[in-house]
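Read through the structure below, which is laid out as structure tokens, and then see the notes.
Every number here is computed from the coordinates shown, using simple stated rules; none is lab data. A quick note: this is a predicted structure, and the numbers were derived from the prediction, not measured. Cβ placement follows ideal geometry from the backbone for every residue including glycine, while neighbour counts extend to all protein chains displayed.
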Amino acid sequence: MIAEILSTGDEIRSGSLTDTNSAWLSQKLEEAGVDVTRHNCVGDDVPMLVAVMKEIGGRANLCLVTGGLGPTVDDLSAEAAARAACVGLIQNDTALRSIEAFFASRNLTMPDSNRKQAVLPESAQVLPNPVGTAPGFSLIIGECRFFFMPGVPYEMRQMMADAVMPLIHEIQGEDRPIHRIKTLSTFGLTESMAGQQVADVTSAFPGLKLGLRAKFPEIQIKFYASGKDEAALDRLLDEATRWVQGRLGDKVFSTTGASMAAVVGDLLREKGATLALAESCTGGLIASLMTDVSGSSDYFLFSGITYSDAAKTGVLGVSPRTLEAHGAVSEETVREMASGARRVAGATYGLATSGIAGPSGGTDEKPVGTVCIGLATPEKVTAYRFRYHFPRRAMNKSIFAMKALDILRRAIPG
């Protein structure tokens, strides 16, 4: 089964908004065993939309369309779809009732302009939108089944899960093959290094498809497998996973696609351990990553963004003599920062960063990209210095934070 994705709207076409919808939809279709062959983008232009819909209708089995379902004059998807399908537009009573119910459930008066969202192609099947005002719809154009969904990501994802995917499964039929995707996350390798290490995995495991994805600062290794025997597919993926772990060792930090912060959090929870942070150059990024994980209050106690020397001494108890003798970016300073964070919070582990993210601030002795990371455990306090060569401040901060978490991951007893 072949699918295409069509993103609509001048804000997407012009680059004013980043099209995250298409990437997400492609991933979901891939997981369902549907081949996505093209991504299309068209602005708010009815003739162009009609032309592209007709083109897609002649070469694809499925098309997912996002955007253009709102109540304003530049929301043109329904009009364009009707023209492309050579049908008229009508007020769809099912769609209108859903819009009215949405406003009523929130004790709001529905503006007259929202009635436009219920005007759909006369042959359309309504797709419910439980979290927004724009009903989706489906209809056939040429030889292709089109699914029109809102451009708002949250609404689109809900509709895709609740309404669109069940219909796609119906189209695929009961005999559709089972598809499995396995994601292994690594840190400390470039994409080329990882690719070189695992290139022959498909020879070792026939029927497996390999993909690599750079998701800075990690590299993801993805396995794709299809077949009729679910147990056999799971065995294939498990065996391939062990094979890769044998090649890459502890560079693989997750075999489920979990983030580094989630992996660290699970280790802390399993050990009944807690964490305190003292961040300088990372500016709270590590704390943000940790608290992005639901349930992090089980193990995350404290974060101090001690950017200035005064904060390092006043909050964490770093010695002024240490700062004077070695500077803020030094192993000596991050040792005291990590110890101070652990002491202040009463945590099992204290983790600290101090570095030069750039683009300014570097010296011959401590160039841009230098980071010092300190870790205080119940047994000892250690410190490390690394030098990275990325040109952008955000990239340096990201890899500083990831490296710090990786050091903590390796230190927690397995």
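Ranked by Cβ crowding within 10 angstrom, fewest neighbours first, how are THR255, THR37, THR8 ordered? Don't jump to the answer; show the numbers that get you there.
Working: THR255 18, THR37 11, THR8 29.
Listed from fewest to most nearby Cβ atoms, that is THR37, THR255, THR8.
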For GLU11 and ASP364, calculate 0.36 nm times their separation in residues minus their Cα-Cα distance, and state this gained length in nm to one decimal. 122.6 nm
Contour minus Cα-Cα span, GLU191 to CYS86, at 0.36 nm per residue, comes to 33.0 nm
May I ask for the equivalent-ellipsoid semi-axes of region 1-72, computed as the square root of five times each C-alpha gyration tensor eigenvalue and listed largest first in whole Å? 21, 15, 9
What number does region 260-411 give for Rg over Rh if you use C-alpha atoms and the Kirkwood radius? 0.95
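Specify the longest stretch of the chain that does not include any exposed loop site, a site being one of the trypsin sites (Lys or Arg not before Pro) with a non-H, G, I, E, B DSSP assignment and at most 10 other Cβ atoms within 10 Å.
Within the chain, the longest run free of exposed trypsin sites (Lys or Arg not before Pro) spans 229-379.
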Between ASN107 and ALA394, what is the label-to-label distance in nm when each label sits 7 Å out along the Cα-to-Cβ direction? 4.1
Please compute the contact order of region 1-106 in relative form: average sequence separation of alpha-carbon pairs under 8 Å and at least six residues apart, divided by the residue count, as a percent. 32
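On a 29 Å Cα-Cα criterion, which of the cross-link pairs LYS222/LYS380; LYS251/LYS366; LYS209/LYS397; LYS116/LYS215; LYS251/LYS397 come out too long? All intermediate terms of the calculation are to be shown ahead of the outcome.
Working: LYS222/LYS380 37 Å; LYS251/LYS366 27 Å; LYS209/LYS397 33 Å; LYS116/LYS215 41 Å; LYS251/LYS397 20 Å.
Beyond 29 Å: LYS222/LYS380; LYS209/LYS397; LYS116/LYS215.
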Over region 178-254, what is the relative contact order in whole percent, taking alpha-carbon pairs under 8 Å and six or more residues apart? 44
Below 20 Å, Cα to Cα, which aspartates and glutamates can LYS312 reach? Residues fewer than 8 away in the same chain don't count. GLU279, GLU324, GLU331, GLU332, GLU336
May I ask for the equivalent-ellipsoid semi-axes of region 2-172, computed as the square root of five times each C-alpha gyration tensor eigenvalue and listed largest first in whole Å? 23, 17, 16
Pop out the Kirkwood hydrodynamic radius of region 211-266 from its pairwise C-alpha distances, inverse of mean 1/r, in Å to one decimal. 12.6
For a quick check: with amide H placed at 1.01 Å from N, whose amide H comes under 5 Å from LEU212's, ignoring anything fewer than 5 positions away on the same chain? LYS222
List the relative contact order of the chain as a percent without decimals, with contacts defined as Cα pairs under 8 Å and 6+ residues apart. 10
Those helices of the chain passing the 20 Å axial Cα length cut-off and the mean Kyte-Doolittle cut-off of -1.0 (DSSP H runs only) are 230-248, 331-345, 393-411
What is the Cα centroid distance between region 2-39 and region 317-351, reported in whole angstrom? 47
Equivalent-ellipsoid semi-axes of region 136-251, from the Cα gyration tensor, Å, largest first: 34, 20, 12
How far is it, in nm, from the label point at ALA231 to the one at ARG115 when both lie 7 Å from their Cα along the line to the Cβ? 6.1
In debye to the nearest 20, how big a dipole does region 202-304 give about its Cα centre with +1 on each Lys and Arg Cβ and -1 on each Asp and Glu Cβ? 380
Return the calculated 222 nm mean residue ellipticity for the chain, to the nearest 500 deg cm²/dmol, obtained by summing -39500 (n - 2.57) across DSSP H runs with n ≥ 4 and dividing by the residue count. -11500 deg cm²/dmol
List the GluC sites (Glu not before Pro) in region 310-414 that DSSP assigns to loop (not H, G, I, E or B) and whose Cβ has at most 12 other Cβ atoms within 10 Å. Which are they? GLU365, GLU379
Given backbone amide H placed at 1.01 Å from N, residues whose amide H is under 5 Å from that of LEU127, ignoring those fewer than 5 places away on the same chain, are GLY136, PHE137, SER138
